[in-house]
Amino acid sequence: MTRALAPKNPALFDQGLSTRREVLGAEYVDAAVRNATDFNIDMQEMVTQYCWGDVWNRPGLDRKTRSFLNLAMLTALNRPHELKLHVRGAINNGLTRDEIKEVFLQTAIYCGVPAAIDSFRTAAEVFKEMDA
């Protein structure tokens, strides 16, 4: 049996859960939280509270800019699963497909062509799913 969520800062967690749902989609986020296990529940709490509740809601950058940054960083780190989520999130945050393309072209120069090619491939899969 998995223990229930017990965030250290419930208000910040709830704010993070709301932001996370708005960016990544409620279906994905709710499944991630619902399917949390004893092994990874602390990670779900931490990511929701600190990443989504605190950092994503800071006033210094808007969500669109944060999405630009995430796409570039996830390309550099070669994290296709997370990139797939954040391509959807970038669209939800107002980026166009052309802007996403430009992010990947920029990362090709600074992070390497193979990383950017993988990101183009991953984004194309997301766009195909979204267009279906």
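The values are calculated or read from the model by the stated rules, or taken from the named source; none is laboratory data. Small disclaimer: the values here were computed from a predicted structure and weren't measured. FYI the Cβ positions are ideal-geometry reconstructions off the backbone, even for glycines, and counts take in every protein chain you see.
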Of everything in the range 30-49 that's within 29 Å of GLY94 (Cβ to Cβ) and acidic (Asp, Glu), which residue is surrounded by the fewest Cβ atoms within 10 Å (Cβ to Cβ)?
ASP30
Going by what's in this entry, would ILE109 be described as among the β-branched types (Val, Ile, Thr), surrounded by fewer than 21 Cβ atoms within 10 Å (Cβ to Cβ), without any contact (Cβ under 8 Å) to a residue 12 or more places away in the chain and part of a helix (DSSP H, G or I)?
yes
Against the condition under 12 Å from the mean Cα position of the chain (by Cα), β-branched (Val, Ile, Thr), crowded, with 16+ Cβ neighbours inside 10 Å and in a helix (DSSP H, G or I), how does VAL103 come out, does it pass?
no
Options LEU85, LEU61, LEU17, LEU71; residue that is surrounded by 14 or more Cβ atoms within 10 Å (Cβ to Cβ) and either outside any helix (DSSP H, G or I) or outside the structural domain of GLU125 (by TED's automatic domain parsing) (or both):
LEU17
Quick check on GLU27: is it crowded, with 17+ Cβ neighbours inside 10 Å and assigned to a helix (DSSP H, G or I)?
no
